[in-house]
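Q: Let me begin by handing over the structure; questions about it come next.
Quick note: the coordinates plus some simple rules give every number you see, no bench work behind them. These numbers come from a predicted model, not from an experiment. Neighbour counts are summed over all protein chains in view; Cβ atoms, including those assigned to glycine, are modelled from backbone coordinates with ideal geometry.
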Amino acid sequence: MTHLKLFRSAFLDFIDDPFYESEENSVRYIPDGLLVIESGMIKDFDHYDYLKDQYQGLKITHYPDLLIVPGFVDTHIHFPQTEMIASYGKQLLEWLNQYTFPTERKFSCKEYAQKIAAFFLDELLKNGTTTALVFATVFAGSVEAFFEEAYRRNLRMISGKVMMDRHTPAYLKDTPETAYEETKRLIQTWHQKGRLLYAITPRFAITSSPEQLKLAGKLLTEFPDVYLQTHLSENLKEVEIVAELFPEAPNYLGVYDQMGLVGERSIFAHSIHLTDEEFQRLSQAKSAIAFCPTSNLFLGSGLFKLHQAKSKIHPVSVGLGSDIGAGTSFSLLQTANEAYKVAQLQSQSLSPFQALFLATLGGAKALKLEDKIGNFGIGKEADFIVLDYQATPLMALRNQQIYPSQTLSEIAEKIFTAIILGDDRAIRATYIMGEVAYSQP
Ligand code: GUN
Ligand code: ZN
């Protein structure tokens, strides 16, 4: 049994959705637990006292006074936009033209894409994000660079080549046919290679012709287990232009629906200005939304109606997205912080457990990966993080009480302070398949 890896600490994960179930029925908190990993997978997980005899004599990595939670899942992010984070002063369409497109042009060079992909993955791990749904650029080489780097690190990542054939500078344009052929080749090479998965990625309805969207739909029928990611209803001007470009469609989501792009593995970023019918259609199709609060505030896009998405009658699966480079932080703690404020501005409250759920099991469910990641279920992949809610002097002052907390309300308060005050400094270490992938110096 020497090949086993054992971790002892306080643990918290979710076994159900705290938007629909009580905290008692959805949160699993073990003040002194033992996590047993074999070949990167969770073999056992329970109270330390229950398991200790069974694993006697084995080396244990002990994190007293810290909290182990599942790795964060970022459901919307652009790796090539890492270097243009914090670009001043514009709303979506001007921001795309002024900053985004010129930046993405640089990724025609594969070596450059490799350099940024490595930086990007370092940054994700430093922030505790272990899985992400990632936009590359229109250049197939940028997708290859990303997948190669993620494969080398044994990460569970989803990405795809951006399809864009109109209303965009010539240097970023593909055609319906080249997008189809290159996407097909990339799916055949990368989908299900190691832990990697492919997402068909039309940028949004403005930058793809109807012919290109139709071919994206054809690819989805040819490869039914790949994902579809795109942007939906982020900005009012964007919604207006889409209505002009697609006068036949009943609404923005209808454009994608008519092309066969609205299904169980479809993830729509933003989805701020949706009609009730669009919410209902997403619910019926079992599609998911990536809620990107830092980006939505930064670009002045609007307030996502989380409470409507999480309605009991027409529930839509929701995950958090950092949406780098329109988003302002790689940290899903900071993203959850802004999600809380977006809810507050609509007189809603997002509880600490609901927020942490969105960053973990909720994200895994949005990506239909809850059988593989998202909590400490036996048989799942052991991607997890070690959280320190006394990471800074201010956090230590706020959380003076010594560990471990015993009750759910005590732990909820600590998690809330980690969300509001924490960021990468609160991530003591990040583990991928039971191996250290990042740890604080
Ligand atoms: N809509 C189309 N492309 C983009 C993008 O790169 N970022 C954001 N936030 N919205 C988009
Ligand atoms: Zn985006």
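Q: In vacuo Debye scattering of the chain, one point per C-alpha: log10 I(q)/I(0) at q = 0.07, 0.08, 0.13 Å⁻¹?
A: Once normalised to I(0) and log-transformed, intensities are -0.32, -0.42, -1.11.
Q: GNM, the chain, Cα, under 10 Å: largest mean-square fluctuation among 356, 394, 12?
A: In this elastic network of the chain, the residue with the biggest mean-square fluctuation among 356, 394, 12 is 394.
Q: Taking neighbour Cβ counts within 10 Å as the exposure measure, how do 177, 182 sort from fewest upward?
A: Final ranking by Cβ density, sparse to dense: 177, 182.
Q: What is the calculated FRET efficiency for residue 166 to residue 25, with r their C-beta to C-beta distance and R₀ = 51 Å, to the nearest 0.05?
A: The value I calculate is 0.55.
Q: Follow-up. In degrees from 0 to 90, rounded to the nearest 10, what is the angle of the helix 110-126 Cα long axis to the longest principal axis of the chain?
A: For 110-126 against the chain, the angle is about 40 degrees.
Q: Can you tell me which of 300, 362, 377 moves the most in a GNM of the chain? Springs connect C-alpha atoms under 10 Å apart.
A: Among 300, 362, 377, the largest GNM mean-square fluctuation belongs to 300.
Q: How large is the charge dipole for segment 66-159, taken about the Cα centre, if only the Cβ atoms of Lys, Arg (+1) and Asp, Glu (-1) carry charge, to the nearest 20 debye?
A: 60 debye
Q: Using the count of nearby Cβ atoms within 10 Å as a rough guide to exposure, how do 52, 380 rank from fewest to most?
A: In order of increasing Cβ crowding within 10 Å: 52, 380.
Q: For the chain, what does the helix formula give at 222 nm: sum of -39500 (n - 2.57) over DSSP H segments with n ≥ 4, over the residue count, nearest 500 deg cm²/dmol?
A: One gets -10000 deg cm²/dmol as the mean residue ellipticity at 222 nm.
Q: If you don't mind, there's one more thing I want to ask. What is the extension gain from residue 394 to residue 280, computed as 0.36 nm multiplied by their sequence separation minus the C-alpha to C-alpha distance, in nm to one decimal?
A: That works out to 36.7 nm of additional length.
Q: Treating cross-link reach as a plain straight distance, find the lysines whose alpha-carbon is under 18 Å from the alpha-carbon of residue 372, omitting any fewer than eight places away in the same chain.
A: Straight-distance partners of residue 372: 43, 193, 380.
Q: How long are the semi-axes of the equivalent ellipsoid of segment 54-110, taking √(5λ) for every eigenvalue λ of the Cα gyration tensor, in whole Å from largest down?
A: 44, 15, 10
Q: Using Cβ counts within 10 Å as a stand-in for footprinting exposure, how do 130, 230, 275, 82 rank, fewest first?
A: Least crowded to most crowded, the residues run 275, 82, 230, 130.
Q: Can you spot the lysines whose alpha carbon is less than 20 Å from residue 414's alpha carbon? Ignore those fewer than 8 places along the same chain.
A: 341
Q: For the chain, give the share of DSSP beta bridges that are antiparallel, in percent and rounded to the nearest 5; count only bridges with both residues there.
A: So the antiparallel bridges in the chain amount to around 45 percent.
Q: Another question, if that's okay. Looking at the calculated P(r) for segment 1-123, what percent of the C-alpha pair distances fall above 24 Å?
A: So the portion of pairs separated by more than 24 Å is 55 percent.
Q: Considering every Cα-Cα pair within segment 219-306, what fraction, in whole percent, is farther apart than 22 Å?
A: In whole percent, the long-distance tail amounts to 25.
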